[in-house]
Ligand code: PGA
């Protein structure tokens with residue numbers, strides 16, 4: 001049985017005041033839905049505050065990216081070990097915004113993933129196709145390429161130490177979500193890629209869906225057999241929306 005995970009990716013939004021109110025809401029949501037793992041991914045300077053405000057609760061905190069380097073002359077970078085020391089337990093790796101706007105290659109992403117594992121963080125590897133790729137029938141080829149870059153680096157056991165997130169780029173921040181059928185198909189494909197290497201890792205691996213998840217579409221997406229949670233961007237900045245998404249991930253409803 002895979003425990004559902006609902007993660008709020010705040011991206012570059014929020015300040016200390018919003019952090020305080022979202023932590024409060026997350027604590028309440030996690031308290032009412034203990035079967036669901038609740039994770040907050042604030043901007044890095046709010047990480048310590050979020051860790052403090054959720055200490056001794058079921059809410060988990062993580063970061064949105066980490067360096068591919070452990071240390072050195074890399075101005076502006078933050079290593080996985082420093083994030084772990086600051087209280088992070090998870091880290092996003094390969095979010096499409098990192099790939100698109102900051103030039104993160106499959107290679108760099110694989111190294112970030114490896115660094116995260118090495119530092120004791122749980123990496124959440126984001127994969128997903130662009131609109132053009134979907135329209136040209138290349139969805140599975142793209143997912144396979146993105147996944148195998150990391151598999152080559154850390155092996156199937158390394159994938160088993162993390163979480164996958166399917167995030168079709170055309171659905172991120174656009175208000176356009178994948179249909180439950182599209183999501184299920186991509187998730188099943190990803191799981192089959194892992195199953196071909198290790199059936200039991202595939203069976204226990206959590207695969208989150210991300211891309212315009214809102215309170216009003218979360219339930220139908222989370223009901224899909226291979227959808228084990230949600231990676232929520234915009235809607236995670238609203239305490240009410242995020243709380244409803246956590247509620248929709250309750251296994252009894254799924
Ligand atoms: P969105 O973002 O929910 O705003 O589409 C999801 C994500 O980028 O993780």
Could you tell me which residue of region 187-196 is farthest from the ligand (Cβ to nearest atom), considering only residues that are more than 18 Å from residue 232 (Cα to Cα) and not in a loop (DSSP other than H, G, I, E, B)? 195
When you go through 239, 202, 249 one by one, which is the residue that is in contact with a helix residue (DSSP H, G or I) (Cβ under 7 Å, 6 or more places away or on another chain), more than 24 Å from residue 109 (Cα to Cα) and surrounded by fewer than 24 Cβ atoms within 10 Å (Cβ to Cβ)? 239
Consider region 54-101. How many of its residues are surrounded by fewer than 20 Cβ atoms within 10 Å (Cβ to Cβ) and within 14 Å of the ligand (Cβ to nearest atom)? 3
So, in region 5-25, of the ones that are buried (at least 17 other Cβ atoms within 10 Å of the Cβ) and away from the ligand (no atom under 16 Å from the Cβ), which residue ends up nearest to residue 219 (Cα to Cα)? 25
Scan region 112-134 and tell me whether some residue there is more than 27 Å from residue 3 (Cα to Cα), touching a residue at least 60 places away in the same chain (Cβ under 8 Å) and within 18 Å of the chain's Cα centre (by Cα). no
By residue number, the members of region 230-243 that are within 9 Å of the ligand (Cβ to nearest atom) and in a loop (DSSP other than H, G, I, E, B) are 233
Considering each of 227, 246 in turn, give the residue that is within 15 Å of the chain's Cα centre (by Cα) and assigned to a loop (DSSP other than H, G, I, E, B). 227
Given (1) in a loop (DSSP other than H, G, I, E, B); (2) more than 9 Å from the ligand (Cβ to nearest atom), number of the condition residue 214 does not satisfy: (2)
Looking at 58, 50, can you tell me which residue is in a loop (DSSP other than H, G, I, E, B) and either under 20 Å from residue 173 (Cβ atoms) or modelled with pLDDT of 95 or more (or both)? 58
Quick one: what pairs do we get from region 156-174, first residue within 17 Å of residue 221 (Cα to Cα) and in contact (Cβ under 8 Å) with a residue 40 or more places away in the chain, second assigned to a helix (DSSP H, G or I) and more than 9 Å from the ligand (Cβ to nearest atom), C-beta under 6 Å, 6+ apart or different chains? 164/190; 166/186; 166/187; 170/131
I'd like to know if region 49-65 contains one or more residues that are in contact (Cβ under 8 Å) with a residue 60 or more places away in the chain and touching a strand residue (DSSP E or B) at 6+ places or on another chain (Cβ under 7 Å). yes
For residue 163, indicate whether it is buried (at least 21 other Cβ atoms within 10 Å of the Cβ) and out of contact with any strand residue (DSSP E or B) (no Cβ under 9 Å at 6 or more places or on another chain). no
Look through region 161-186, keep the residues that are under 23 Å from residue 11 (Cβ atoms) and in a helix (DSSP H, G or I), and return whichever of them is nearest to the ligand (Cβ to nearest atom). 171
Based on what the data block shows, is residue 75 in a helix (DSSP H, G or I), at pLDDT 95 or above, over 17 Å from the mean Cα position of the chain (by Cα) and within 25 Å of residue 99 (Cα to Cα)? no
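The values are calculated or read from the model by the stated rules, or taken from the named source; none is laboratory data. In this text the structure is predicted, and so the values were computed from the model without any measurement. Using ideal geometry, Cβ is built from the backbone for each residue, glycine included, and neighbour counts are taken over all protein chains shown.
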